[in-house]
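Taking it in order: structure first as structure tokens, then the write-up.
The values are calculated or read from the model by the stated rules, or taken from the named source; none is laboratory data. Just so you know, these numbers come straight off a predicted model, no measurement behind them. Cβ coordinates were reconstructed from backbone atoms using ideal geometry, including for glycine residues, and neighbour counts include every protein chain displayed. We work out accessible area using only protein heavy atoms, side chains counted, and drop any ligands, DNA or RNA first. Shrake-Rupley method; radii C 1.70, N 1.55, O 1.52, S 1.80 Å.
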Amino acid sequence: MCGRFSITLEAGEVQLQLALGAMPKDWRPRFNVAPSQRVPVVIDADRRDVLWMKWGLVPFWAESAEIGNRLINARAE
């Protein structure tokens, strides 16, 4: 399905290759990461700690965050 990707490396490998700070303790490789699931994100360029965040597009006008599950293929033309 479109909008999916894989996380194939262990936390230690990613941390070493990207010079990251703290890593989530529950990190594990996943081969079918889909929209609405938690994904690893670095939000501070100085500290470079990795946090889990929910992946998706939720517009400001949405009444529910569930609309993000349907907007993964949104386009701007």
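Condition test on Glu66, is it touching a Ser or Thr at 6+ places or on another chain (Cβ under 9 Å), of a type outside the set (Val, Ile, Thr) and modelled with pLDDT under 90? Spelling it out, Glu66 is indeed touching a Ser or Thr at 6+ places or on another chain (Cβ under 9 Å), of a type outside the set (Val, Ile, Thr) and modelled with pLDDT under 90. Kindly indicate the residue of the range 44-63 that is of a type outside the set (Asp, Glu) and under 19 Å from Gln17 (Cβ atoms) and also most open to solvent (accessible area, probe 1.4 Å) among those meeting that condition. Looking at residues that are of a type outside the set (Asp, Glu) and under 19 Å from Gln17 (Cβ atoms), I get Arg47. Does Leu16 meet the test of being of a type outside the set (D, E, K, R), modelled with pLDDT of 95 or more and open to solvent by 80 Å² or more (accessible area, probe 1.4 Å)? Yes.
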